[in-house]
Amino acid sequence: MAATGTGGPVVLVEGESDAVLVRALLARRGAPAEVVPMGGVTNLAAHLDALGGPGPGVLALVDAPEVRFAVGALRRHGVRAETVEELGWHGVLVCDRDLEDVLIRSLGPDAV
């Protein structure tokens, strides 16, 4: 399990708007997790460093156009993952569309 302030799982997202939506979805489902906005996907490697690397309890959500940063961040930790499926095996989930769009559609317009 990743070492976080809460001792529970951590979800890394690109920015604060992503974090707001992910927190709302997690609260709706009663799923406790620390949601951390990274200040951009280019900071994924640094956040993984702080968490001791990728592993159980660490999930990162990235947009498809930013996959190269996720690939590089995992390589920095000795993990070779090239495809979306391989990234998912290591806790990096890739959104085909912009993450905010996916999350807004998940919550529905009334909740947003």
Completion exercise
Restricting attention to region 87-97, the residues that are open to solvent by less than 60 Å² (accessible area, probe 1.4 Å) and of a type outside the set (A, V, I, L, M) number exactly 3
Exercise for the section: Can you give me the number of residues within region 43-68 that are among the small types (Gly, Ala, Ser) and either open to solvent by 60 Å² or more (accessible area, probe 1.4 Å) or assigned to a loop (DSSP other than H, G, I, E, B) (or both)? Expected result: 5
Problem - Any hit, region 93-101, residues being modelled with pLDDT under 95, aliphatic (A, V, I, L, M), out of contact with any Lys or Arg (no Cβ under 7 Å at 6 or more places or on another chain) and in a strand (DSSP E or B) - result: yes
Exercise for the section: Test VAL84 against the stated conditions and say whether it is β-branched (Val, Ile, Thr), open to solvent by less than 40 Å² (accessible area, probe 1.4 Å) and modelled with pLDDT of 70 or more. Expected result: no
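Would region 73-86 turn up any residue that is assigned to a helix (DSSP H, G or I) and under 15 Å from VAL10 (Cα atoms)? Talk me through it step by step, then tell me what you get.
So the first thing to find is which residues in region 73-86 are assigned to a helix (DSSP H, G or I), and the list is 73-76, 84-86.
Add one more test, that the residue is under 15 Å from VAL10 (Cα atoms), and what stays is none.
Among the residues of region 73-86, not one is assigned to a helix (DSSP H, G or I) and under 15 Å from VAL10 (Cα atoms), which makes the answer no.
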Problem - Matching entry among ALA3, ALA27 (being open to solvent by 60 Å² or more (accessible area, probe 1.4 Å), aliphatic (A, V, I, L, M) and at pLDDT 90 or above) - result: ALA27
Fill in the blank from the handout: By residue number, the members of region 6-23 that are open to solvent by 30 Å² or more (accessible area, probe 1.4 Å), at pLDDT 85 or above and of a type in the set (Gly, Ala, Ser) are SER17
Exercise for the section: Taking only region 12-42 into account, find how many residues are in a helix (DSSP H, G or I) and in contact with a strand residue (DSSP E or B) (Cβ under 9 Å, 6 or more places away or on another chain). Expected result: 10
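The values are calculated or read from the model by the stated rules, or taken from the named source; none is laboratory data. These figures come from a predicted structure and were not determined experimentally. Glycine also receives a Cβ, built like all others from the backbone with ideal geometry; neighbour counts cover every protein chain displayed. These area figures cover heavy atoms from the full protein model, side chains too; ligands, DNA and RNA do not enter into them. Shrake-Rupley method; radii C 1.70, N 1.55, O 1.52, S 1.80 Å.
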